[in-house]
Amino acid sequence: MAKATLSISSKNYSSWSLRGWLLAKFSGLEFEEQAVAPDDADARKELLLLSPSILVPCLTCEGIKVWDTLAIAEFLHEIRPNSGLLPEERAARAHCRAICGEMHSGFSSLRAALPMNLKAHFPGHKIWARAVGDIDRITTIWRECLSTYGGPFLFGQRCMADAMYAPVVTRFTTYDVNLDTQCAAYAARIMAMPEMIEWIEAARNEAEEIDELDMEF
C-alpha cells in the first residue's frame, strides 16, 4: 500500500496539479492519487485563478500534509535527496530554485491569456501583448538553462524545474505559440516524456468540462 497520497484536481485544466504530480513521479515516491472534483468550490477557484492560495495539489506522506507546489518539491527533495529533483552543484541548485520561484509567483498574464486546456487546440490564437512578454521571458530562461547546462533538460537531467515549466509547454502546444528551434526541441522533449503521455491521456478521458475554460477565443 502506498504510504503517500496526492490530491489533485482536473488533469485537463489544473497546471498546479500537473506540477505536483510530476514532482512526485520524478522523485520516485510511491503514492496514490486522490481526485478533487472540479465542482469543488476551492478547486474551481484555483482553476479560474480566483484563489489567493494554491491548495491543490496536496501531498500527504507519513502523516505530514504539504500543499503549495514549491513546498511539495522541497519536501520531496528532503525525503528523497538522491532522486535528482535539485541539481547536485550549489550554483545550479540556486539557479534552479530561482527559476522555479519565478514560475511559481509570476507570469500572471500568461496564465490568464492562455489557460491550460489539454483537450483543446486554438491555432492562430491572438496573444495579448502582456502575455507575449511572459513568453519572451520564459523562452529566455529555457535558452539560458539549455545553453549553460547542455540539455537535454533545463539542468541536464530532468529535475524540479522541468516539472514546474511542463504546464507552460502544454499551453504553448494548445495555442500554437511559435518557438525558436532550441525551445521547440525542449518542448517536444517534455511532451514525449512517458509521464506527460500518461497524464495527457487521462486528461483527454476526463468527462468534466468547465465552461469558463472552454470558451472559444
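Bear in mind these aren't lab numbers, they're just calculated from the coordinates by the rules spelled out. These numbers come from a predicted model, not from an experiment. Cβ: placed from backbone, ideal geometry, glycine included. Neighbour counts: every protein chain shown.
For the chain, give the share of DSSP beta bridges that are antiparallel, in percent and rounded to the nearest 5; count only bridges with both residues there.
65 percent
How charged is the neighbourhood of residue 140? Take every other residue with its Cβ under 15 Å from the Cβ of residue 140, and add Lys/Arg as +1 and Asp/Glu as -1.
Net of charged neighbours comes to -3.
I need 160, 196, 103 ordered by Cβ neighbour count within 10 Å, fewest first.
So the residues, fewest neighbours to most, are 196, 103, 160.
Only helical DSSP H runs with n ≥ 4 go in: add -39500 (n - 2.57) per run for the chain, normalise by residue count and round the 222 nm mean residue ellipticity to 500 deg cm²/dmol.
-16000 deg cm²/dmol
How much length, in nm to one decimal, is gained on full extension between residue 121 and residue 34, taken as 0.36 nm per residue of separation minus their Cα-Cα distance?
Gain on extension, residue 121 to residue 34, equals 28.5 nm.
Filter the cross-link list 65/119; 3/119; 25/65 down to pairs whose alpha-carbon distance in this structure exceeds 24 Å.
Checking Cα-Cα distances, 65/119; 3/119 exceed 24 Å.
Please give the length that would be gained between residue 201 and residue 136 if that part of the chain were fully extended, namely 0.36 nm times their separation in residues minus their C-alpha to C-alpha distance (nm, one decimal).
20.5 nm
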